[in-house]
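Visitor: What follows is a single structure, and I will ask about it in a moment.
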Amino acid sequence: MPKLFYSKRFEKNLARFLNKYPELESVVKEKLRALSSNPKNSSLKTHKLTGKLKNFYSIYITYEYRVVFYLNKNNIYLVAMGTHDEVY
């Protein structure tokens, strides 16, 4: 199972998101747990990004909010969290 690592930017984005939407904390935890178990889980809608973010992937937290991450064999590096416009 890959291990999750949080960047400073991701931690800041997450804290801001949970402050604004505390009722979604359990959703975020479940999505990150699912990501750690299986990054290609269909419920996450994992997709590879293109352009300047071509080495990164994204998952859906809600329809509006995404998590951007970098994936290697044993680790997942969470880079950013926010709306489509904020993270891309």
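Visitor: Do you know which residues across segment 8-34 are buried (at least 16 other Cβ atoms within 10 Å of the Cβ) and not aliphatic (A, V, I, L, M)?
Guide: Hits for segment 8-34 are F10, N13, F17, K31.
Visitor: Return the residue satisfying two criteria in turn: it lies in segment 49-79 and is surrounded by fewer than 15 Cβ atoms within 10 Å (Cβ to Cβ) and among the β-branched types (V, I, T), and of such residues it is farthest from the chain's Cα centre (by Cα).
Guide: Here the answer is T50.
Visitor: Within segment 35-48, can you find the residues that are more than 12 Å from L71 (Cα to Cα) and either of a type in the set (S, T, Y) or surrounded by 16 or more Cβ atoms within 10 Å (Cβ to Cβ) (or both)? Give the steps one after another, and end with the answer.
Guide: The first filter runs over segment 35-48 and keeps only residues more than 12 Å from L71 (Cα to Cα), leaving 37, 41-45.
Listed by number, the residues that qualify are S37, S42, S43, L44.
This table checks each residue for (1) in contact (Cβ under 8 Å) with a residue 40 or more places away in the chain; (2) β-branched (V, I, T); (3) in contact with a Lys or Arg (Cβ under 6 Å, 6 or more places away or on another chain).
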position	(1), (2), (3)
R9	yes, no, no
R16	no, no, no
V27	no, yes, no
N41	no, no, no
T46	no, yes, yes
Y60	no, no, yes
R66	no, no, no
D85	no, no, no
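Visitor: When you scan segment 15-58, how many residues do you find that are among the basic types (K, R) and part of a helix (DSSP H, G or I)? Reasoning before the result, please.
Guide: If we filter segment 15-58 for residues that are among the basic types (K, R), which is where we start, we get 16, 20, 29, 31, 33, 40, 45, 48, 52, 54.
Next cut, part of a helix (DSSP H, G or I) only: 16, 20, 29, 31, 33, 52.
Of the residues in segment 15-58, 6 are among the basic types (K, R) and part of a helix (DSSP H, G or I).
A short reminder: the numbers here are calculations on the coordinates, not readings from a lab. Every value quoted in this text rests on a predicted model; they were computed, and no experiment measured them. Reconstructed Cβ throughout: ideal geometry from the backbone, glycine too, with neighbour counts over all protein chains shown.
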